[in-house]
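In what follows, a single structure is set out as C-alpha cells and then discussed.
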C-alpha cells in the first residue's frame with residue numbers, strides 16, 4: 001500500500017465474529033476495512049452483484065450464508081480478489097482479553113479497536129469517507145461518528161467524513177463482511193479446515209495489512225507450568241513472553257527508533273502466532289513498508305542495524321533467511337538461526353585465518369596485532385585449529401544474507 005494517497009478514498013468498515021469474549025462460536029473478532037479510490041465504487045458494486053448472480057448467491061453476498069461450504073467460498077474469493085480494492089484488518093484474539101481491563105466492555109472495546117484502525121488509515125490517506133455497517137443503537141452510532149470526526153480534524157485535503165449504511169443496501173460492506181468471514185475461516189481454530197491455506201493465499205492478493213491484538217503472554221489454562229512443561233513448550237513460552245515483555249515495556253515509548261522496533265516486532269509476532277509455517281517469514285521490504293505506512297522513513301541499512309539489530313541486542317531471537325525475518329520460538333527455529341549465522345560467520349573467519357597466515361609467512365607480520373584487534377585475534381586463535389575449511393567452500397554469501405545477521 002502506498003504510504004499516502006493524495007486523492008479521496010472510500011473506506012467501508014464491517015465487523016465479523018462478535019465482540020463478546022464469551023461467545024463460544026468464534027475465537028477471533030475481525031474488523032475489516034475495504035479501501036477503494038473515489039470513482040470506483042459503482043464499478044465495484046456492479047462486479048460484486050455480477051459475481052453473486054454468477055455463483056447463484058442471489059442479490060446479497062453474505063459470509064454466514066456460505067458458511068462451511070468451503071469450495072463455494074474459495075470460488076467466490078477467486079473471483080472477488082480480482083476486483084479493484086484493498087483491505088486492512090484488525091484481528092482480536094478474544095481469549096487474550098483480560099477480564100480486568102476496560103476492553104471487556106463492548107463499547108470501550110469497539111472504540112479502542114476502531115481507534116487503532118483509524119490511526120492506520122489516517123497515516124495513509126489524507127481524505128476519507130468512512131462508511132460503517134449499521135449496528136447497535138442510534139446513540140452508540142452517533143458516539144462512534146463523534147470519535148472518528150474528533151480524531152480526524154479537517155485539513156487542506158478535506159479530512160474525514162463518516163456515515164452509516166445497512167449492509168443489505170451496500171455491496172461493498174457485504175464484501176467487507178465476506179473478507180472478514182474468510183479471515184475467520186483462515187485463522188480461527190474453530191473454523192480452520194483443509195481449505196484455510198487456500199483462502200489465505202487468495203485473500204493476500206488484496207491485503208494492505210493485518211494487525212493482531214492483543215499481544216499476550218502465554219499462560220493459558222491447561223498448559224503445564226514453566227517448571228513442569230516439556231522443554232520445547234517451556235522454551236516457546238519463555239521466548240514468546242520475552243517478546244511480549246518488550247512490547248509491553250515499550251508500547252508507550254516516544255522514542256522514534258523504539259516505536260519502529262515495536263511495530264516491526266508486532267508484525268513478526270503476529271505472523272509467528274497465527275500464520276501457517278511458510279508465511280511466518282516476512283521480507284525486510286514488507287516490514288519497511290509497514291513502517292512507511294505508519295509515517296516512518298528508514299533506510300535498508302538502518303532498518304537492519306538499528307531496528308532488527310536493536311531487537312536482537314534486547315535479547316529477541318530473530319532468524320534471517322532468504323525468505324525474510326522470523327521470530328525464533330522453538331529449538332528448530334534457533335537451530336535454523338544458528339546454522340544461518342554460522343554459514344556466514346565461519347567462512348569469514350576462515351578467510352581471515354588464511355589472510356593472517358599468508359602475511360605471517362611472507363613478512364613475519366601479524367595483521368591482528370594491537371589492542372584494537374585483540375578480541376578478534378583471540379577468536380581466530382581459538383578457531384584456527386578447528387575444521388574451518390569445510391565452511392569455507394561454496395559461493396560467497398550475498399549481501400542480503402549478511403545484513404540479516406546484524407550491523
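The mean sequence separation of alpha-carbon pairs under 8 Å and at least six residues apart, normalised by the residue count of the range 232-391, gives a relative contact order of 20 percent. Short to long, the 5 Å bins of the Cα pair-distance histogram for the range 232-333 hold 2, 13, 26, 27, 20, 9, 3, 1 percent of all pairs.
Computed across the range 163-214, the Kirkwood hydrodynamic radius from all distinct Cα-Cα pairs reaches 12.3 Å.
Quick note: the coordinates plus some simple rules give every number you see, no bench work behind them. Given the structure is predicted, the values throughout are model-derived calculations rather than measurements.
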